[in-house]
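This report concerns only the one structure given below.
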Amino acid sequence: MGFDMTWFKREDGEYPAPENGPQGENGPDAGFAAGASAKTVRTEGLWVKCPGCRQPLYKADLEASLMVCPKCQQHFKLSARARIDLLLEPGYELVDAGLRSTDPLNFTDVKPYKQRLRKARELTGLDDAILNAIGRMGPHEVVLSAMEYGFIGGSMGAVVGETIARAVDRARLTHKPLIVVAASGGARMMEGVVSLMQMAKIATALAQLDDARVPYISVLTDPTTGGVTASFAMLGDLNIAEPGALIGFAGPRVIEQTIRQKLPEGFQRAEFLLEKGFLDAVVHRRDLKAYLIRALEFLKAPAVA
Ligand SMILES: [Zn+2]
């Protein structure tokens, strides 16, 4: 994950000394931890500021707690690869890789789309904003598809659509439950209508999966918006989200202007959507795998006559 250093710009006076103090063995920032008024601190990317509680966090602590703030439980974004590592047992296999966008519209906004793709590939080491894997989750053989927000905002173009559709087909043909972890700003504008077609393609594949009575669990993480919410992310047999995740179709400003009303507090956050019946559960990241395993036991149990 790329973190910039802007948290050094104080917005309201001095930082309080962190409660437990960052106590690295050879902590280069010991002076900072002790509340010394050093103007410049060399951190070398060891620290991040939590957007939830604005506390500085030692990056190693954050990683040890699955990228969840130990102080306020803010769930940071997780890369696709880290997500698969979190949910599957070691020895899983990555599949359906190697697809690359052809830039069907030869699209340019402020930069050529081809250039954005190149940059995103360098940044993430992935071909597009998705990774498929097959492996075990506890005792269950599953097909897992995880989106990568770091690749052009996790947007869904033809490659993401096709890769998810392949995961769905794989689940249907092998009769293994499907889990898709969404993290997306929605359809990929640079592929225009081609990106919108992916919604129908995946929804059709999911209908076939449903006919074959293979379970599908959708996990919505921060953020899940636009055409991804409007298609596969809300079509699970179970739709579960991580705490605090932003989930919606249009942005709040667009909705306010359309309905000419002020939106309620917490609108489009996971907890609000759970309360209103849009989600089945909100599950903390540390409990997610155990929750999914139990849910799969339930979903795979034979129907009682
Ligand atoms: Zn926090």
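Values quoted throughout were computed directly from the atomic coordinates according to the rules given, and no laboratory measurement underlies them. This structure is a prediction, so every number in the text was calculated from the model and none was measured. We place every Cβ from the backbone using ideal geometry, glycine too, and count neighbours over all the protein chains shown.
Let's see how each residue does on (1) buried (at least 19 other Cβ atoms within 10 Å of the Cβ); (2) within 14 Å of the chain's Cα centre (by Cα):
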position	(1), (2)
204	no, no
207	no, no
235	no, no
240	yes, yes
243	no, yes
256	no, no
260	no, no
263	no, no
268	yes, no
Kindly provide the set of residues from the range 94-146 that are farther than 30 Å from residue 214 by Cβ and of a type in the set (S, T, N, Q), ordered by number. 102, 106, 108, 115
Restricting to the range 49-58, what's the tally of residues that are within 19 Å of the chain's Cα centre (by Cα) and either part of a helix (DSSP H, G or I) or not hydrophobic (A, V, I, L, M, F, W, C) (or both)? 2
Taking the condition assigned to a strand (DSSP E or B) and either closer than 21 Å to residue 178 by Cβ or in contact (Cβ under 8 Å) with a residue 60 or more places away in the chain (or both), does residue 287 pass? no
Given (1) without any contact (Cβ under 8 Å) to a residue 60 or more places away in the chain; (2) surrounded by 16 or more Cβ atoms within 10 Å (Cβ to Cβ), where does residue 72 come up short, assuming only one miss? (2)
What are the residue pairs meeting all of these: first residue in the range 50-67, first residue among the charged types (D, E, K, R), second residue within 11 Å of the ligand (Cβ to nearest atom), Cβ atoms under 8 Å, and 6 or more apart or on different chains? 59/48; 61/70
Of residues in the range 160-175 being touching a residue at least 40 places away in the same chain (Cβ under 8 Å) and buried (at least 24 other Cβ atoms within 10 Å of the Cβ), the one farthest from residue 223 (Cα to Cα): 171
